[in-house]
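Student: Just passing along the structure, written as structure tokens.
The values are calculated or read from the model by the stated rules, or taken from the named source; none is laboratory data. Remember, predicted model here, so these are calculated numbers, not experimental data. With ideal geometry, Cβ positions are generated from the backbone for all residues, glycine too; neighbour counts draw on all protein chains shown.
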Amino acid sequence: MARHRNVRGYNYDEDFEEDDIYGQSVEDDYCISPSTAAQFIYSRRDNPLEEEYVSEDRAHSNYCISSHQLTGVEKAKLDLCLVRMKEVLGESVPEKVMIEALLNSRFDVQQALDSVLSQNSEQDMKTKDDETMSGGKTTKGKVRDSQTTRVESDVVPKVTKMTVSRKKKPAGFEVPCVTAEENGHNAFTSQKGHSAGDANANMGVVEILPKPAPPSQTVQASEEQAMVPTPVKKSGKTKQQIDVKAELEKRQGGKHLLNLVIIGHVDAGKSTLMGHLLYLLGNVNKRTMHKYEQESKKAGKASFAYAWVLDETGEERERGVTMDVGMTKFETKTKVITLMDAPGHKDFIPNMITGAAQADVAILVVDASRGEFEAGFETGGQTREHGLLVRSLGVTQLAVAVNKMDQVNWQQERFMEIVHKLGQFLRQAGFKELDVAYIPTSGLGGENLVTRSQSSELNKWYEGKCLLEQIDAFKSPQRSVDKPFRLCVSDVFKDQGSGFCVTGKIEAGYVQVGDRLLAMPPNETCTVKGIALHDEPVDWAAAGDHVSLTLTGMDIIKINVGYVFCCPKEPIKACVRFRARVLIFNIEIPITKGFPVLLHYQTVSEPATIRKLLNVLHKSTGEVTKKKPKCLTKGQNALIELQTQRPIALELYKDFKELGRFMLRYSGSTIAAGVVTEIKE
């Protein structure tokens, strides 16, 4: 204790020089000493005017209360009513005036408020009349009074109508016509204040907020106030709505967009054919092509040089087969082509379905070599299965590239044999003869790809189009730009900056930078930070575009391949149970209730179970031929109910054809194709 006494009684002036400042440290540039701190402490005793005003007001209030000889209950009631009036009027009206009004109205808050407000309104009008009579001139002694009147008139006299009720009614008031400059800082109405206004309406209180009022104490304006013009805060980043159809015509010089998938049996030469096509078009420079040739020779696969244009991964080049869907872009005279090279191996059919589901048209590549075409076309080959898959997924236009014709010396007989066999099968699959074209080609030699062949053997009997001319002749499908936005995720990866990226094809609608999107089925919202179309940043993208979206405001772990981004106002439905109409393909065992299948939908691959067999339908008319069948066999058209293990985002086929188709596979083969007719849950 002695140590503390010494400190308190210590004379600091003896230890510091004149330049030293008490409390100064090395890091501080200023200080406040104990002796000077008193000037910052407010004391009501130092303000005699306020003390006199407060004491006089309290004395007058006590006199009013004592003069009426109130009981304890009446005093409590008076305090409660006084609190309610202060919540409405604040400090704009003296307490003595409010007490007198409450005592005169027998504690009726509404009547007391009306009398106080009417008195202040009359005083304000009288003050304005006096100012008008005196020509707006005031003496120096009236400066303070005029300022006080102006402050009070900003809060009270503008209120001419008020409803105070203990019932739950919206409280409203009228505001005279004022300029935006005078009323711009007093925004009384806000959406966040509705709940507070309703709660106070139950208490019989209406809040009127002065200038510094917090947003939690707002009130709901009446219908009369809605007529008063109020300033609207405009954001500097206001998104401009675009005319998508007009912009699509302007983009790429008026060329139409077309999504093209390359399909066919393994080793039919799909990657080599399209790689050589891209090289001849100038999309791959000579230096890069020379590099591929040297590397393929070192690997002992010299003939795979052109295939490496699309097969970019080391595993694909080492194994010599396409494993994933390769994607690139090239242009013809009238179209911008998004090229997707699908794998042909049986093990990678799910990847092929992903590519085919995003395509508008297709090129079916077949090997013209003796024995090779038959191996792909017979049972177990991928030529038949790929043809059925693309037709079931909505592709109606097809070009058949009869590849490796140089190995059969461009024989017309071999070409016509292949055309006859394929034509019969494609008609059964649902393709129209006018929508199928047959073109003899040589992917390795580059014959009949970009220009018509100069080979004398081919020119003797073939006078049709080359492959590029046929691609340019495809009809562009109708884009669903008027429908709500839909994008199915095909890949997810982390961005270099904030947020993450998703890639996929926009199936419907359009998107702009800054849009809010909803991800289903996780039901999470995010914001579009950036859009890239073929690795080029753009401000918007529409239906048919393969885009990469940079998203923020959402965790990347909540997004998987197969999820659908949609418009929050018109979301896509997520379910685990739905009904569908299916067409059964060539199956070895009949399908029964409880049959396990693998559901392929867009980029989704989800295990599912056939829960019910509802009806067998007629193929052409769709009429019910048999109810509740016990099994389904080859070639039947039926209505079934499916149940998935996890929720998936689906659309009805009648609303969104692109998002209403699916495939069913079992034990490594495709057993059925279907369309969604009803979403259960």
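Student: Considering only segment 486-522, state which residues are under 27 Å from Gly326 (Cβ atoms), of a type outside the set (D, E, K, R), out of contact with any His (no Cβ under 9 Å at 6 or more places or on another chain) and part of a strand (DSSP E or B).
Tutor: Within segment 486-522, Leu487, Cys488, Val489, Val492, Phe493, Phe500, Cys501, Val502, Ala508, Tyr510, Val511, Ala519 meet the criteria.
Student: State yes or no: is Ser498 modelled with pLDDT under 90, outside the structural domain of His386 (by TED's automatic domain parsing) and either out of contact with any Asp or Glu (no Cβ under 7 Å at 6 or more places or on another chain) or not hydroxyl-bearing (Ser, Thr, Tyr) (or both)?
Tutor: Values: modelled with pLDDT under 90: yes; outside the structural domain of His386 (by TED's automatic domain parsing): yes; either out of contact with any Asp or Glu (no Cβ under 7 Å at 6 or more places or on another chain) or not hydroxyl-bearing (Ser, Thr, Tyr) (or both): yes.
Answer is yes for this residue.
Student: Another question, if that's okay. Looking at this structure, is Arg452 in the same structural domain as Arg370 (by TED's automatic domain parsing), farther than 22 Å from Val395 by Cβ, surrounded by 15 or more Cβ atoms within 10 Å (Cβ to Cβ) and free of Cβ contacts under 8 Å to residues at least 24 places away in the same chain? Working first, answer last.
Tutor: Numbers: in the same structural domain as Arg370 (by TED's automatic domain parsing): yes; farther than 22 Å from Val395 by Cβ: yes; surrounded by 15 or more Cβ atoms within 10 Å (Cβ to Cβ): yes; free of Cβ contacts under 8 Å to residues at least 24 places away in the same chain: yes.
Yes, satisfied.
Student: Quick one: is Gly668 under 37 Å from the mean Cα position of the chain (by Cα), closer than 20 Å to Met352 by Cα, surrounded by fewer than 15 Cβ atoms within 10 Å (Cβ to Cβ) and not charged (D, E, K, R)? Even if it seems obvious, please write down each step before you answer.
Tutor: Numbers: under 37 Å from the mean Cα position of the chain (by Cα): yes; closer than 20 Å to Met352 by Cα: yes; surrounded by fewer than 15 Cβ atoms within 10 Å (Cβ to Cβ): yes; not charged (D, E, K, R): yes.
Taking the combined requirement at face value, the residue satisfies it.
Student: So, one more: Hey, among the residues in segment 396-423 that are part of a loop (DSSP other than H, G, I, E, B) and out of contact with any helix residue (DSSP H, G or I) (no Cβ under 7 Å at 6 or more places or on another chain), which one's surrounded by the most Cβ atoms within 10 Å (Cβ to Cβ)?
Tutor: Taking segment 396-423 as the starting set, the residues that turn out to be part of a loop (DSSP other than H, G, I, E, B) are 396, 404, 409-411.
Retained after the next criterion (residues that are out of contact with any helix residue (DSSP H, G or I) (no Cβ under 7 Å at 6 or more places or on another chain)): 404, 411.
Numbers: Lys404: 25, Gln411: 15.
Here the answer is Lys404.
Student: Does Ser442 satisfy being among the hydroxyl-bearing types (Ser, Thr, Tyr) and touching a Lys or Arg at 6+ places or on another chain (Cβ under 8 Å)? Steps first, please.
Tutor: Values: among the hydroxyl-bearing types (Ser, Thr, Tyr): yes; touching a Lys or Arg at 6+ places or on another chain (Cβ under 8 Å): yes.
Taking the combined requirement at face value, the residue satisfies it.
Student: Then there is this: List pairs: first residue in segment 669-681 and touching a residue at least 24 places away in the same chain (Cβ under 8 Å), second residue acidic (Asp, Glu) anywhere in the structure, Cβ distance under 9 angstrom, at least six positions apart or on different chains.
Tutor: Listed by first residue and then by second, the contacts come to Ser669/Glu385; Ser669/Glu588; Thr670/Glu385; Val676/Glu651; Glu678/Glu641; Ile679/Glu651; Lys680/Glu641.
This table checks each residue for (1) in a loop (DSSP other than H, G, I, E, B); (2) surrounded by 15 or more Cβ atoms within 10 Å (Cβ to Cβ).
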{"position": "Leu639", "(1), (2)": "no, yes"}
{"position": "Leu642", "(1), (2)": "no, yes"}
{"position": "Gln645", "(1), (2)": "no, no"}
{"position": "Ile648", "(1), (2)": "no, yes"}
{"position": "Leu652", "(1), (2)": "yes, yes"}
{"position": "Phe656", "(1), (2)": "yes, yes"}
{"position": "Phe662", "(1), (2)": "no, yes"}
{"position": "Ala673", "(1), (2)": "no, yes"}
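Student: Six or more apart or on different chains, Cβ under 7 Å: which pairs go from a residue in segment 600-617 that's closer than 12 Å to Arg579 by Cβ to one that's in a strand (DSSP E or B) and of a type in the set (Asp, Glu)? Could you list them?
Tutor: Going by the 7 Å Cβ cut-off, the qualifying pairs are Arg611/Glu641; Lys612/Glu641; Leu614/Glu641.
Student: I would also like to ask the following. Please enumerate the residues belonging to segment 350-395 that are out of contact with any helix residue (DSSP H, G or I) (no Cβ under 7 Å at 6 or more places or on another chain), surrounded by fewer than 24 Cβ atoms within 10 Å (Cβ to Cβ), aliphatic (A, V, I, L, M) and in a helix (DSSP H, G or I).
Tutor: Ala375
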